[in-house]
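Input: a single structure, listed below in structure tokens.
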Amino acid sequence: MKEILIRPERCMGCRSCEIACAVEHSQTKSLFGAVAEKPVPRKRVYVEFAPEYSISVPMVCRHCEDAPCVSVCATGALSQDGIIRVVTHDMEACIGCWTCASVCNYGMIGRNKEQRIAIKCDWCPDLELPACVSACHTGALVYKEVEEFSGSKRAEAALKLARGVTAGESR
């Protein structure tokens, strides 16, 4: 199963992922059209700046196994697919009580105050590649299976180590 995975060392803090997310969840699916929409489309990915490390980190819903947001949802507006683990949100059933937001360990549930509903990442089910990942030009967000992602990170680390050994050798 593919997931949105993060490579924080590659994030430049450009927020292209946030804009792409809001546009994808707009009615018009167009940047210029989305700006004029009411209610204003909301992002479901957040770029947070960590000042003590001077880096920006993109944050997306982890679609946790046994997701606490699902278990506390009083109306059943949040549900989780048992196979692919994606947590989906039924906006019609949401009453905007924000209980889900209070239990999310990652702070990934936002609110649409105009409609009084919670909003969260859905991995863009109508797209082959989630909008935030497509918009990320540095590769800070990737959409891969965890094993494939881990393998590529191991290969990169091995290459860095090999370069370090080679660069440190005297001839």
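Candidates are the residues of the range 112-150 that are surrounded by 15 or more Cβ atoms within 10 Å (Cβ to Cβ) and closer than 16 Å to residue 77 by Cβ; the one that is modelled with the lowest pLDDT is 112. Checking each residue in the range 65-78 for being surrounded by fewer than 19 Cβ atoms within 10 Å (Cβ to Cβ), under 27 Å from residue 8 (Cα atoms) and modelled with pLDDT of 95 or more picks out only 68.
Among 56, 16, which is touching a Pro at 6+ places or on another chain (Cβ under 8 Å), touching a residue at least 40 places away in the same chain (Cβ under 8 Å), of a type in the set (Gly, Ala, Ser) and more than 28 Å from residue 83 (Cβ to Cβ)?
On the way: 16 fails: touching a Pro at 6+ places or on another chain (Cβ under 8 Å).
Matching residue, one of 56, 16: 56.
When residue 43 is tested against (1) in a loop (DSSP other than H, G, I, E, B); (2) of a type in the set (D, E, K, R); (3) free of Cβ contacts under 8 Å to residues at least 24 places away in the same chain, just one condition goes unmet, and that condition is (3). Within the range 81-123, the residues that satisfy the criterion of being under 19 Å from residue 146 (Cβ atoms) and not charged (D, E, K, R) are 82, 83, 84, 86, 87, 105, 106, 108, 121, 123.
Assess whether residue 90 counts as being among the charged types (D, E, K, R), touching a Ser or Thr at 6+ places or on another chain (Cβ under 9 Å) and within 15 Å of residue 118 (Cβ to Cβ).
On the way: among the charged types (D, E, K, R): yes; touching a Ser or Thr at 6+ places or on another chain (Cβ under 9 Å): yes; within 15 Å of residue 118 (Cβ to Cβ): yes.
So residue 90 fits the description; yes.
The values are calculated or read from the model by the stated rules, or taken from the named source; none is laboratory data. What you see is a predicted model, and the numbers here were worked out from it, not measured in a lab. Counting neighbours? That spans all protein chains shown, and the Cβs are built from the backbone with ideal geometry, glycine included.
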